[in-house]
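Here is the structure we will look at, set down as structure tokens.
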């Protein structure tokens, strides 16, 4: 018999509910903030359809959101002068939070996109509603601004969101374009809004698309 045979079993690890309760016992506002923070951790489990650059696996939505924020910072010089880069970063970090409930809808899935807006609206209502009222309104306003794309900043943010998977697809041999038999007209239609956010980034996108068509990984629409 070992010396550890009569040891008490380890205490159970804290669960999200107990962590939220602990925060709530300190202050109800803090409890709601912690509930939101733990809920959006689920973005790490939402798998997208873009391979990471080394081709070893698909990225998840949390990684995607981080990467978009870094693109916005790094490529800020290609934005129009009136674009607020700090605001663009906020839009990019917030806009995919709804995927906690709605999941990621593949950009070329025409059927899945039919009810995408409704699913994401319902998700936005629930998830942002976890926050204190003032922060819920602020986060929802960011999400709505991104969706509306009626500001220079939101159009730049949208351009970044379209550019990143294009770059990943091209950098991984166009695997997803080939598997899904994606045609040039589809890629240009989906990525065309990049031009609304940045003429320079659209020029890059066009060059990437043309190269992929020439390589045969995107089907030519000619």
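Worth pointing out:
- Restricting attention to the range 74-99 and to residues that are part of a loop (DSSP other than H, G, I, E, B) and out of contact with any helix residue (DSSP H, G or I) (no Cβ under 6 Å at 6 or more places or on another chain), the residue that is surrounded by the most Cβ atoms within 10 Å (Cβ to Cβ) turns out to be 75.
- Subset of the range 30-56 that is without any contact (Cβ under 8 Å) to a residue 60 or more places away in the chain, touching a helix residue (DSSP H, G or I) at 6+ places or on another chain (Cβ under 7 Å) and in a helix (DSSP H, G or I) - its residue that is nearest to residue 90 (Cα to Cα): 43
Conditions (1) part of a helix (DSSP H, G or I); (2) surrounded by 15 or more Cβ atoms within 10 Å (Cβ to Cβ); (3) modelled with pLDDT of 95 or more, marked per residue:
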| site | (1), (2), (3) |
| --- | --- |
| 159 | yes, yes, yes |
| 178 | yes, yes, yes |
| 181 | no, no, yes |
| 187 | yes, yes, yes |
| 207 | yes, no, yes |
| 212 | yes, yes, yes |
| 222 | no, no, no |
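- When residue 59 is tested against (1) touching a residue at least 12 places away in the same chain (Cβ under 8 Å); (2) exposed (fewer than 15 other Cβ atoms within 10 Å of the Cβ), exactly one condition is not met: (2).
The values are calculated or read from the model by the stated rules, or taken from the named source; none is laboratory data. On a predicted model such as this, the values are computed, not experimentally measured, just so you know. Methodologically, a virtual Cβ is constructed for each residue, glycine included, from the backbone with ideal geometry; neighbour enumeration extends over all protein chains shown.
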